[in-house]
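Colleague: Dropping the structure in here first, questions after.
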Amino acid sequence: MVAIQFQFMPLMLQGPEYNCSSIMPPGPEWAARYGVKQFQFGTYSVVFGVITEILYIPCTMGLRRDLKASCFKIMFWLSIMDMVAIMANCVLFGILLIKVRDI
């Protein structure tokens, strides 16, 4: 019974009661009408992200010298992935908060 419900769910979601674009305009129109620049929070997010990335570099280099052990290999790649995540979640998010209407 559950599989049948999920199979027909896309057809159910195409109804007019699920169409939010008539109430909220999509994309740049929404940003122009409702978007609010969050300059302080965006600046804080960018600064926090940059400081965290700078502090992460020596930690990652410290893990690099012990790469013979498999646990250090895992920790090294986790630190690389964490640096990528911090870049996306802090720096890019902060830039988007600062430039909300310009996109």
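The values are calculated or read from the model by the stated rules, or taken from the named source; none is laboratory data. These figures come from a predicted structure and were not determined experimentally. Quick reminder, even Gly has a Cβ in these numbers, built from the backbone with ideal geometry, and neighbours come from all protein chains shown.
Colleague: How many residues does segment 76-89 contain that are more than 23 Å from residue 64 (Cβ to Cβ) and at pLDDT 95 or above?
Modeller: Result for segment 76-89: 0.
Colleague: How many of the residues making up segment 36-77 are closer than 19 Å to residue 91 by Cα and of a type outside the set (S, T, N, Q)?
Modeller: The qualifying residues number 17.
Colleague: Kindly list, by first and then second residue, each pair from a residue in segment 37-48 that is touching a residue at least 60 places away in the same chain (Cβ under 8 Å) to a residue that is of a type in the set (Val, Ile, Thr), limited to pairs with Cβ atoms under 7 Å and residues at least 6 apart or on different chains.
Modeller: 37/98; 37/100
Colleague: So, in segment 16-38, exactly how many residues are surrounded by 13 or more Cβ atoms within 10 Å (Cβ to Cβ) and either at pLDDT 85 or above or not in a helix (DSSP H, G or I) (or both)?
Modeller: Number of matching residues: 4.
Colleague: Based on this model, can you work out whether residue 43 counts as among the hydroxyl-bearing types (Ser, Thr, Tyr), surrounded by 12 or more Cβ atoms within 10 Å (Cβ to Cβ) and farther than 30 Å from residue 32 by Cβ?
Modeller: When the stated conditions are applied, residue 43 does not pass them.
Colleague: Out of segment 63-86, which residues are among the charged types (D, E, K, R) and either touching a Lys or Arg at 6+ places or on another chain (Cβ under 8 Å) or part of a loop (DSSP other than H, G, I, E, B) (or both)? Let's see the steps before the verdict.
Modeller: Taking segment 63-86 and keeping what is among the charged types (D, E, K, R), we get 64-66, 68, 73, 82.
Residues satisfying the conditions are 65, 66, 68.
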